[in-house]
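Working notes, structure below.
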Amino acid sequence: MIKIELNKRQEHILQIVKDQGPITGEHIADKLNLTRATLRPDLAILTMAGYLEARPRVGYFYTGKTGAQLLTDKIKKIQVQDYQSIPVVVNENVSVYDAICTMFLEDVGTLFVVDEQSLLVGVLSRKDLLRASIGKQELTSIPVHIIMTRMPNITYCHREELLIDIAQVLIEKQIDAIPVVKKVDAGLEVVGRVTKTNITKLLVELAHDEVL
């Protein structure tokens, strides 16, 4: 990741392109009394940041986008696979007690439940496990498939989906995590997870200009 901060020369380049674009790199260099090679890193940064676009045999032109528009464009290109994390799964036959231990040891708020073929069959939240723990039930003898949320009530996503869309789903459904799945012949294989922490990480990196 590269942190992008515009210096005075880069701001001057932007102004030249705004006023006279499209304009070639050579002409920009002439106006600044610099060589094309000296300007190359600046032009690369401005293009990479989205302020300028370059076309062969035409030159550079200003995109006309505000900082907010550039940020929106950037966010709309980020896919689930760019920020997904490793899923924590348990078999549908493990006990509620073992699931609670797994959740504690892995420090997660959601467990994904799979069958003997490692296919997604359910989801366990903190609330599910807390609800099962209330009362005098023997937690070591209750399998998680008794208390889990099961299909078709499971919200899931794919790696190619936009992360901003999944963030909206997390908010709307008031859930902490969504499994990332891959469709196979027998069903859905869990390949990742998207959590509120993943979204927070993206927000922090955007604030520090660390997302290209």
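Below is a table of values for the structure above.
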{"read-out": "Scope the range 84-107; condition open to solvent by less than 50 Å² (accessible area, probe 1.4 Å) and over 16 Å from Leu170 (Cα atoms); matching residues", "value": "Pro87, Val88, Val90, Asn91, Glu92, Val94, Ser95, Val96, Ala99, Cys101, Thr102, Met103"}
{"read-out": "Residue within the range 54-69 that is within 26 Å of Leu162 (Cα to Cα) and of a type in the set (A, V, I, L, M) present", "value": "yes"}
{"read-out": "Filtered residues of the range 84-103 (kept if among the aliphatic types (A, V, I, L, M) and outside any strand (DSSP E or B))", "value": "Ile86, Val88, Val94, Val96, Ala99, Ile100, Met103"}
{"read-out": "Residue within the range 110-130 that is over 30 Å from the mean Cα position of the chain (by Cα), closer than 24 Å to Val190 by Cα and aliphatic (A, V, I, L, M) present", "value": "no"}
{"read-out": "The range 104-120, residues that are of a type in the set (Ser, Thr, Tyr) and assigned to a loop (DSSP other than H, G, I, E, B)", "value": "Ser118"}
{"read-out": "Long-range neighbours under 6 Å by Cβ, at least six apart or interchain, first residue modelled with pLDDT under 90 within the range 15-31, second exposed (fewer than 13 other Cβ atoms within 10 Å of the Cβ) and not in a helix (DSSP H, G or I)", "value": "Pro22/Val58"}
{"read-out": "Condition met for Ile147 (of a type outside the set (Lys, Arg) and more than 29 Å from Tyr83 (Cα to Cα))", "value": "yes"}
{"read-out": "Pairs where the first residue, in the range 102-120, is more than 17 Å from Thr197 (Cβ to Cβ) and the second is in a helix (DSSP H, G or I) and β-branched (Val, Ile, Thr), C-beta under 9 Å, 6+ apart", "value": "Val113/Val144"}
{"read-out": "Index of the failed condition, Ala167 passing every other in (1) over 23 Å from Leu119 (Cα atoms); (2) out of contact with any helix residue (DSSP H, G or I) (no Cβ under 9 Å at 6 or more places or on another chain)", "value": "(2)"}
{"read-out": "Filter pass, Gly67 being on the phi > 0 side of the Ramachandran plot and at pLDDT below 90", "value": "no"}
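The values are calculated or read from the model by the stated rules, or taken from the named source; none is laboratory data. Remember, predicted model here, so these are calculated numbers, not experimental data. Ideal geometry is used to build each Cβ from the backbone, glycine not excepted, and the neighbour counts take in all protein chains shown. Note: accessible area is taken over every heavy atom of the protein model, side chains too, but ligands, DNA and RNA are not part of it. Shrake-Rupley method; radii C 1.70, N 1.55, O 1.52, S 1.80 Å.
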